[in-house]
Amino acid sequence: MINSWMQLENRHEFELPARWKSGDIRFSSELVRHFLAKFTQPGDTVLDPFAGFGTTLYVAEQMERIPFGIEYNPDRASFIRDRLTLKDHLIHGDARQLATYNLPTIDFSITSPPYMQRGDKDNPFTDYQTNDGDYQQYLHTITQVYQQLKPILSTDATVVIEVANLKNANGVTTLAWDIGRAISTVLSFQGEIIVNWDKYGYGYEHSYCLVFNK
Ligand SMILES: C[S@@+](CC[C@H](N)C(=O)[O-])C[C@H]1O[C@@H](n2cnc3c(N)ncnc32)[C@H](O)[C@@H]1O
């Protein structure tokens, strides 16, 4: 049985360099610590397929888990590598090609994916660098990422996706629910944990941790 909600502060253990302060897309270290403590043991492998600035990987190393990550943006990839002990466990690459990276068996995965609002054209999976975005395609693509992850998950692996719905003047994109529904077609949905944050953004002060098994 997993708790259905929790209250957390949206804090990080270190400041990003000044050039990234306005683009701090990290999730909270405390969130990662909570799930690693709950679902993993020292020595377990942990994958973040959308590694960002590397929160999952640093916390995993601190907790003596073995981190792996994929990050598309070259600056963020090299930033992560600089701070990791197991530097070559960060792949500067594309999660859409996950199956090609010879990753080991993965015991646990947690991520916060790049967000997309319905109707946007900027493609989240090229770090918004191309204009070929489409919301249905986005949902299809993220499902394919997890489809590729599935064969390398250990039998009792848990997969967590932290994601919010998005509300602005144009309405609501039910991103969290849509991702939950899409990925449930390839992994077994175990339920959601609502996180109440002291501050968050995207029109809400809460997000969802969607929990899946293989
Ligand atoms: C919301 S951020 C993750 C932040 C991370 N949880 C942290 O705490 O630093 C999503 C990341 O996914 C990356 N990304 C986008 N498309 C990708 C792809 N195709 N493959 C791998 N990473 C990708 C983005 O560059 C961004 O850094």
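The values are calculated or read from the model by the stated rules, or taken from the named source; none is laboratory data. This is a predicted model, so every value here is computed, not measured. Every residue, glycine among them, receives a Cβ derived from its backbone with ideal geometry; neighbour counts consider all protein chains shown. Protein only, heavy atoms only, side chains kept; ligands, DNA and RNA dropped before computing areas. Shrake-Rupley method; radii C 1.70, N 1.55, O 1.52, S 1.80 Å.
Odds and ends about this structure:
- Every test in (1) open to solvent by 40 Å² or more (accessible area, probe 1.4 Å); (2) at negative phi is passed by GLY43 save one, and that test is (2).
- Total residues in the stretch 93-104, condition near the ligand (Cβ under 9 Å from one of its atoms) and not acidic (Asp, Glu): 5
- Single unsatisfied condition, GLU61 versus (1) touching a residue at least 40 places away in the same chain (Cβ under 8 Å); (2) open to solvent by 40 Å² or more (accessible area, probe 1.4 Å): (1)
- Subset of the stretch 14-33 (residues that are among the basic types (Lys, Arg) and within 13 Å of the ligand (Cβ to nearest atom)): ARG26, ARG33
- Search result, residues across the stretch 127-150 that are over 18 Å from GLY93 (Cβ atoms) and open to solvent by 30 Å² or more (accessible area, probe 1.4 Å): ASN131, ASP132, ASP134, GLN136, GLN137, HIS140, LYS150
- Only one of LEU166, LEU210, LEU149, LEU175 that is under 27 Å from HIS34 (Cβ atoms) and away from the ligand (no atom under 14 Å from the Cβ): LEU210
- Filtered residues of the stretch 92-126 (kept if more than 16 Å from THR173 (Cβ to Cβ) and open to solvent by less than 30 Å² (accessible area, probe 1.4 Å)): GLY93, ASP94, ALA95, LEU98, LEU103, ILE106, PHE108, SER109, ILE110, THR111, PHE125, THR126
- VAL46 vs. criteria more than 9 Å from the ligand (Cβ to nearest atom), touching a helix residue (DSSP H, G or I) at 6+ places or on another chain (Cβ under 9 Å), in contact (Cβ under 8 Å) with a residue 60 or more places away in the chain and within 25 Å of GLY180 (Cα to Cα): yes
- Selection within the stretch 57-84 - within 20 Å of PRO17 (Cα to Cα) and either within 6 Å of the ligand (Cβ to nearest atom) or assigned to a loop (DSSP other than H, G, I, E, B) (or both): GLU71, TYR72, ASN73, ARG76, LEU84
- Of all residues making up the stretch 11-28, the number that are open to solvent by less than 10 Å² (accessible area, probe 1.4 Å) and in contact with a helix residue (DSSP H, G or I) (Cβ under 7 Å, 6 or more places away or on another chain): 0
- Restricting attention to the stretch 105-137, the residues being touching a residue at least 40 places away in the same chain (Cβ under 8 Å), assigned to a loop (DSSP other than H, G, I, E, B) and either closer than 29 Å to THR45 by Cβ or within 13 Å of the ligand (Cβ to nearest atom) (or both) number 7.
- Residues within the stretch 35-56 that are aliphatic (A, V, I, L, M) and in a loop (DSSP other than H, G, I, E, B), tallied: 1
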